[in-house]
Amino acid sequence: MEFIKRNNKNIIIGILFILFISASIIIFYLLNNPKIKAEKEITGNVIIADSKYLMIESNNENYLISNIKGSYDIGDKVKFIYYESDINSEKSPKEIKIIDEEIITKNNNENKNNINNGNNKPDLNNNDKNNINDNNITNNKDNNIEKPDNKDNNSNNVNNNNNNENADDAIINYLNKVEVEMNKPSLGESAKEYFITIIDFIFYKGTIKGHTFSELSNSVKLKVLSSALYFDSKIDKYFPGYKESISSTTKKIYTNVKEEIISTYLKITTTICNTNNELCASAKAGFQSLKKNFGLTFDLIKEIAGDGINNLKNWYEIWSGK
């Protein structure tokens, strides 16, 4: 009898031990299983709308949601439900995998029509541009920098079609010469002159080797803009304050050329991607290099877009390489 009692006692202890271990495992699972944690919610305004994804702005932060079920428009106010573990705050924009969605306010058509497509700047037609000279740059939001004509060469400068190849070659050769100068261990006054020449060429109807920026093919325009961004960084590094000093003594503005170069690159690439898939892929790849080399964040792209929020979807896809 005593043996049986002792054996029953051991069995009970064993069962209690198993129950304790099981309870500990269950508690550990409940505490660490993200799906059991409290749900989170976020409400924001749609700034990019696509059938496969959208981006919202909430408290000055950007959030990308890819597993949407509904259809939304720019300006809609939407609430999303997600688990705490399903937000990636390391990425920019932050990424969220949602479990539910609810539209709070639908943007009306009047607001949509009032969204300016183009940085809230006047869109100059070709006749307007032809009447603008270096000393009478249009007064706009971007400190008076004139925008180049981004149309494809096949649709403008028809009379110069036979010279396009020569223009491209001449400018590429010039850029190669300038790059050699800019890559020297120390830069002299000639670097400043090259920089001014190239910025005037892009934005102020300047000429190089007798050619204008509008004569170039789109692929060479992007090459010029890429080089200009590099030259701008070199000027900032070796001659801090130089752009401010020359901007104060001329009607031409050089202080914000970085933003203007990026904006022009994105606009030309958007045009390219509407008509030429092969060149589009090359242009996007080129922007990925710029993004890496010059630290071009999405916040910067968004800032450059300004009120032209309709541009933002195309620009985000170029920036992200989608």
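The values are calculated or read from the model by the stated rules, or taken from the named source; none is laboratory data. If you're wondering where the values come from, they're calculated on a predicted model, not measured in any experiment. With ideal geometry, Cβ positions are generated from the backbone for all residues, glycine too; neighbour counts draw on all protein chains shown.
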Top-ranked residue of region 34-88 - restricted to ones that are over 19 Å from the mean Cα position of the chain (by Cα), among the β-branched types (Val, Ile, Thr) and within 14 Å of Asp100 (Cβ to Cβ), ranked as modelled with the lowest pLDDT: Ile68
Ser214 being under 25 Å from Lys292 (Cβ atoms) and touching a residue at least 40 places away in the same chain (Cβ under 8 Å): no
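May I ask you to list the residues in region 210-258 that are of a type in the set (Ser, Thr, Tyr), assigned to a loop (DSSP other than H, G, I, E, B) and under 25 Å from Leu187 (Cβ atoms)? If you could, list the steps in order and put the result at the bottom.
Narrowing region 210-258 to residues of a type in the set (Ser, Thr, Tyr): 212, 214, 217, 219, 226-227, 230, 233, 238, 242, 245, 247-250, 254-255.
Checking which are assigned to a loop (DSSP other than H, G, I, E, B) leaves us with 212, 217, 248-250, 254-255.
Of everything in region 210-258, those that are of a type in the set (Ser, Thr, Tyr), assigned to a loop (DSSP other than H, G, I, E, B) and under 25 Å from Leu187 (Cβ atoms) turn out to be Ser248, Thr249, Thr250, Tyr254, Thr255.
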Residue that is farthest from Ser226 (Cα to Cα) [pool: residues in region 269-316 that are crowded, with 17+ Cβ neighbours inside 10 Å and among the charged types (D, E, K, R)]: Lys313
Test: residue in region 223-230 that is over 17 Å from Ala167 (Cα atoms), under 19 Å from the mean Cα position of the chain (by Cα) and crowded, with 23+ Cβ neighbours inside 10 Å: yes
